[in-house]
1. How much FRET efficiency would the formula 1/(1 + (r/R0)^6) give for ARG32 and THR2, where r is the Cβ-Cβ distance and R0 is 35 Å, rounded to 0.05?
2. Arrange the following residues from fewest to most other Cβ atoms within 10 Å of their Cβ: VAL53, VAL88.
3. Let me make sure I get this right: for the chain, a, b and c are the square roots of the gyration tensor eigenvalues over alpha carbons, sorted descending. Under 1.5 in a/c it's rounded, otherwise prolate if a/b > b/c, else oblate. Which is it?
4. Can you sort ARG75, ARG3 by how many other beta carbons sit within 10 Å, fewest first?
5. Helix 29-45: angle to the longest alpha-carbon principal axis of the chain, degrees 0 to 90, nearest 10?
6. Using 1/(1 + (r/R0)^6) with R0 = 30 angstrom and r between the beta carbons of TRP70 and VAL93, what's the FRET efficiency to the nearest 0.05?
7. Fewest Cβ neighbours within 10 Å first, please rank ILE95, ILE87, ILE80 accordingly.
8. Tell me what the chain gives for mean residue ellipticity at 222 nm when only DSSP H runs of n ≥ 4 count, each as -39,500 (n - 2.57), the sum divided by the residue total, rounded to 500 deg cm²/dmol.
Amino acid sequence: MTRFECTIPGNPIPWGRTEGSGKRRYKAERTRTYQETVGWYARQVWKGDPLKVPLKLGMTLRFYRETAQWCDLDRLENNIMDALEGIVYENDVQI
């Protein structure tokens with residue numbers, strides 16, 4: 001079993017709603033920036049190629065927030081899982 005542990009400093013950022021209008025949709029800048037940060041930290045620890053499908057993976061996430069402000073757990077998880085896609089695993093459907 002391969003174990004991967006990575007700490008991302010700072011407040012976790014939930015997945016933001018896509019922006020744009022009509023067919024032109026894009027990730028919110030805050031979402032994109034946080035995913036790049038998570039990816040940078042993950043690459044410091046994960047040195048191999050992304051794990052291939054159909055491998056099934058488990059993931060434990062711990063979030064520590066500086067404020068008691070309401071936040072949707074699904075959006076926090078989604079942002080991390082999307083950020084690790086292509087770095088640790090091929091597709092977050094493996095989780």
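Each reported figure results from applying straightforward, stated rules to the coordinates on display, with no laboratory input. Model, not experiment: these values are computed from the prediction. Glycine also receives a Cβ, built like all others from the backbone with ideal geometry; neighbour counts cover every protein chain displayed.
1. Numbers: r = 28 Å, r/R0 = 0.80.
It comes out at approximately 0.80.
2. Values: VAL53 11, VAL88 25.
Listing VAL53, VAL88 from fewest to most nearby Cβ atoms yields VAL53, VAL88.
3. Details: a/c = 1.84, a/b = 1.29, b/c = 1.43.
Cα axes put the chain in the oblate bin.
4. On the way: ARG75 15, ARG3 4.
Ordered by Cβ neighbours within 10 Å, fewest first: ARG3, ARG75.
5. Orientation of helix 29-45: about 20 degrees from the principal axis.
6. Details: r = 28 Å, r/R0 = 0.94.
E(calc), rounded to 0.05, equals 0.60.
7. On the way: ILE95 14, ILE87 20, ILE80 23.
Starting with the residue having the fewest Cβ neighbours, the order is ILE95, ILE87, ILE80.
8. Values: 2 runs with 29 residues, N = 95.
My calculation for the chain gives -10000 deg cm²/dmol from helical runs alone.
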